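Worksheet: the structure to be examined is printed underneath.
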Amino acid sequence: MKTVYLDFAGATPVDPRVRDGMEPFYSEIYGNPSSMHSFGREAAEALESAREKVAGLLSAPKSKNIVFTSGATEATNLAIKGIAGRSSNKKEIIISAIEHISVTNVCRYFQKQGFTIKTVGVDEYGFIDLEELKKAVSKETALVSVMYANNEIGTIQPVREVGAITEDAGVPFHCDATAAVGKIPVNVVGDKIDMLTISSNDMYGPKGVGALYMRDGLRTEPLLHGGGQERGIRSGTQNLPGIAGMGTAAELAEKEMEKRAAHLISLRDPLIKGILDSVPESYLNGHPKKRLPNNAHIRFSYIEGESIILSLDMIGVAAASGSACTSKTLEASKCLTAIGLSHEEAHGSLQMTLGPSNAMEDVKYVLDNLPAIIKRLRAMSPLAPREEN
Amino acid sequence: MAGKGPYSEKVMDHFQNPRNMGEMPDADGTGRVGNPTCGDLMEVYIKVNEGKLEDVKFKTFGCGAAIATSSMVTEMAKGLTLEEALKITKQDVADELGGLPPIKMHCSNLASDALHAAIKDYMEKKGGK
């Protein structure tokens with residue numbers, strides 16, 4: 001059976017060039033980067049080279065601004081807990097209404113510790129309300145966390161405007177750029193970002209590696225205490241094969257970003273248009289232009305997302321949904337309800353995220369098969385108007 | 001190719017080839033349970049003849065489990081007396097399908113409730129005559 005992978009937001013394959021670059025760090029270059037001897041020095045050199053590449057991708061002023069972690073979730077925990085956790089007088093965190101669950105659940109944890117969590121709303125496309133944010137920041141604010149681009153609907157936030165507001169208010173700005181990095185240019189200095197979360201697997205690097213960018217002069221509290229690696233911010237011997245992989249992935253992403261984006265957009269737009277044209281009562285979620293190059297997010301009236309995913313899986317197409325039934329919590333996507341969709345509308349959504357291996361024939365395969373799937377499910381649904389034929 | 005998904009083969013079979021799907025314009029009783037807000041809504045329609053369920057059909061908005069349990073309950077109920085059909089439980093439906101993921105047992109396993117609601121609807125209509 002033909003298979004079409006359209007869940008690159010879920011996980012990505014490791015680029016073969018990245019994998020080749022990781023290979024020596026398993027059995028050849030295995031020293032501990034903290035050791036003084038030649039084996040350690042060789043490992044430390046590789047570690048610092050990877051750090052430079054990641055810093056380069058983010059336009060970070062110094063490579064030492066990069067702290068390697070076990071992934072985006074750890075980086076975000078480090079950022080928020082590291083800042084809010086050491087704040088003795090400021091007891092308020094501000095986030096947007098469509099943050100990733102790794103941000104919202106850290107905030108929930110702080111709420112239990114007596115913090116106030118202010119949630120700034122978004123419009124129908126998912127853009128944060130900048131006026132509301134401006135009004136929300138106060139002397140009580142310990143941290144603002146707003147994502148670079150949304151992981152579900154792909155909306156790219158006005159990050160620079162957010163950075164200007166937080167800079168004016170003198171409040172640290174954490175930005176979860178997991179979905180954005182490698183796909184669109186991210187410039188931490190220009191965007192006035194104080195801390196930025198990224199993950200390796202979202203740019204075709206290995207899983208289990210991520211990083212937190214921290215601007216100079218920012219003081220934080222570590223999550224892990226131990227041997228004082230990563231300038232004391234993240235103890236534990238570094239995962240050198242993974243970090244080397246992330247370094248190569250970052251280098252390739254920087255070099256190939258434009259080419260990759262052009263390829264993804266050349267598939268994304270016909271995919272979106274093809275579905276909207278061929279399926280009645282289908283709608284695009286997110287903004288038509290200001291969206292990640294690889295993201296197509298569509299909702300269909302009268303049907304439920306998990307049954308769409310199951311039906312697509314039967315014909316070899318891997319996709320995702322914001323439906324409650326596809327989540328572990330059985331809640332509809334908070335992002336989709338935040339942009340104004342009813343629970344019912346949110347349930348009927350389909351998320352397809354493209355990658356470098358996709359080609360026009362994949363788009364065609366989906367367009368050839370999806371309308372019949374939607375029609376079949378609607379025929380079963382008591383909510384759908386009866387078809388006249 | 002891939003390993004087992006969350007659903008049994010039987011669930012996937014009923015999802016892919018639902019039995020007795022469709023409306024019944026001349027139904028003797030209709031049961032509607034669930035709520036589109038929660039992501040599951042089922043309608044079961046019955047035709048009764050001499051105290052037995054002569055025909056049972058359904059329409060469902062929902063996930064794979066919701067569709068499969070609806071399909072299964074129509075198969076199980078057909079030919080039974082009303083009393084027998086009222087004894088079908090959620091567990092019976094799940095068992096017949098070779099089990100359901102625990103998370104789906106309550107939210108998406110409403111088919112027996114819909115069947116019972118259809119029978120009650122029939123009895124109320126009959127009692128009212």
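The values are calculated or read from the model by the stated rules, or taken from the named source; none is laboratory data. Quick caveat, the model's predicted, so the values are computed rather than measured. When we count neighbours, we look across all protein chains shown, and the Cβ atoms used for this are built from the backbone with ideal geometry, even at glycine.
Could you tell me whether any residue of segment A:82-90 is of a type in the set (D, E, K, R), more than 30 Å from residue A:345 (Cβ to Cβ), in contact with a strand residue (DSSP E or B) (Cβ under 7 Å, 6 or more places away or on another chain) and surrounded by fewer than 21 Cβ atoms within 10 Å (Cβ to Cβ)?
If we filter segment A:82-90 for residues that are of a type in the set (D, E, K, R), which is where we start, we get A:86, A:90.
With the extra rule that they be more than 30 Å from residue A:345 (Cβ to Cβ), the set shrinks to A:86, A:90.
Within this subset, residues satisfying the condition of being in contact with a strand residue (DSSP E or B) (Cβ under 7 Å, 6 or more places away or on another chain) are A:90.
When the remaining residues are screened for being surrounded by fewer than 21 Cβ atoms within 10 Å (Cβ to Cβ), the result is A:90.
The answer is yes; a qualifying residue exists.
Exactly one of (1) assigned by TED's automatic domain parsing to the domain that holds residue A:68; (2) closer than 22 Å to residue A:153 by Cβ is unmet by residue A:238. Its number? Unmet for residue A:238, out of (1) assigned by TED's automatic domain parsing to the domain that holds residue A:68; (2) closer than 22 Å to residue A:153 by Cβ: (2). Say we look at segment B:18-53 and pick out the residues that are more than 22 Å from residue A:332 (Cβ to Cβ) and without any contact (Cβ under 8 Å) to a residue 12 or more places away in the chain; which of these is farthest from the other protein chains (Cβ to nearest Cβ)? Filtering first and then ranking leaves B:50.
Being closer than 21 Å to residue A:80 by Cβ and either assigned to a loop (DSSP other than H, G, I, E, B) or without any contact (Cβ under 8 Å) to a residue 60 or more places away in the chain (or both) is the requirement here; does residue A:196 meet it?
no
Out of the residues in segment A:44-98 that are over 18 Å from the mean Cα position of the chain (by Cα) and of a type in the set (Asp, Glu), state the one that is nearest to residue A:29 (Cα to Cα). Selected residue: A:45.
Just to be sure before I move on: is residue A:284 in the same structural domain as residue A:264 (by TED's automatic domain parsing), touching a residue at least 40 places away in the same chain (Cβ under 8 Å) and either surrounded by fewer than 17 Cβ atoms within 10 Å (Cβ to Cβ) or not hydroxyl-bearing (Ser, Thr, Tyr) (or both) in the structure I sent?
Considered against the rule, which asks whether it is in the same structural domain as residue A:264 (by TED's automatic domain parsing), touching a residue at least 40 places away in the same chain (Cβ under 8 Å) and either surrounded by fewer than 17 Cβ atoms within 10 Å (Cβ to Cβ) or not hydroxyl-bearing (Ser, Thr, Tyr) (or both), residue A:284 comes out as no.
Screening the candidates B:99, B:31, B:79 for the property of being modelled with pLDDT under 95 and either outside any helix (DSSP H, G or I) or hydrophobic (A, V, I, L, M, F, W, C) (or both) yields one hit, B:99. Filtered by the rule that a residue be more than 14 Å from chain A (Cβ to nearest Cβ) and part of a strand (DSSP E or B), segment B:54-76 gives B:54, B:55, B:56. When you scan segment A:300-320, do you find a residue that is closer than 23 Å to residue A:59 by Cβ and of a type outside the set (Ser, Thr, Tyr), even just one? Taking every residue of segment A:300-320 in turn, none turns out to be closer than 23 Å to residue A:59 by Cβ and of a type outside the set (Ser, Thr, Tyr).
Tell me, please, whether a residue that is part of a loop (DSSP other than H, G, I, E, B), hydroxyl-bearing (Ser, Thr, Tyr) and away from chain B (no Cβ under 14 Å) can be found in segment A:338-345. Outline the logic, then answer.
Filtering segment A:338-345 for residues part of a loop (DSSP other than H, G, I, E, B) gives A:339-342.
Those left that are additionally hydroxyl-bearing (Ser, Thr, Tyr): A:342.
Right, trim to away from chain B (no Cβ under 14 Å) and you get none.
Within segment A:338-345, none of the residues are part of a loop (DSSP other than H, G, I, E, B), hydroxyl-bearing (Ser, Thr, Tyr) and away from chain B (no Cβ under 14 Å).
In segment B:102-129, what residues are under 15 Å from the mean Cα position of the chain (by Cα) and among the aliphatic types (A, V, I, L, M)? Passing the criteria: B:105, B:110, B:111, B:114, B:115, B:117, B:118, B:119. Restricting A:258, A:281 to those that are at positive phi, among the acidic types (Asp, Glu) and at pLDDT 95 or above reduces the list to A:281. Within segment A:91-114, the set of residues being buried (at least 19 other Cβ atoms within 10 Å of the Cβ), of a type in the set (A, V, I, L, M, F, W, C) and outside any strand (DSSP E or B) comprises A:98, A:103, A:106, A:107, A:110. For segment B:37-47, the criterion of being in a loop (DSSP other than H, G, I, E, B) and at negative phi is met by at least one residue.
Each row is one residue, and each column tells you yes or no for (1) in contact with a Pro (Cβ under 7 Å, 6 or more places away or on another chain); (2) part of a helix (DSSP H, G or I); (3) closer than 28 Å to residue B:13 by Cβ; (4) among the acidic types (Asp, Glu).
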{"site": "A:266", "(1), (2), (3), (4)": "no, yes, no, no"}
{"site": "A:274", "(1), (2), (3), (4)": "no, yes, no, no"}
{"site": "A:277", "(1), (2), (3), (4)": "no, yes, no, yes"}
{"site": "A:307", "(1), (2), (3), (4)": "no, yes, yes, no"}
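Give segment A:145-192 a look and list any residue that's assigned to a helix (DSSP H, G or I), touching an Asp or Glu at 6+ places or on another chain (Cβ under 7 Å) and among the charged types (D, E, K, R), or say none. A:160 - this is the single residue of segment A:145-192 that is assigned to a helix (DSSP H, G or I), touching an Asp or Glu at 6+ places or on another chain (Cβ under 7 Å) and among the charged types (D, E, K, R). Only residues that are touching a residue at least 40 places away in the same chain (Cβ under 8 Å), farther than 20 Å from residue A:252 by Cα and touching a Pro at 6+ places or on another chain (Cβ under 6 Å) were counted in segment A:2-44, giving 2.
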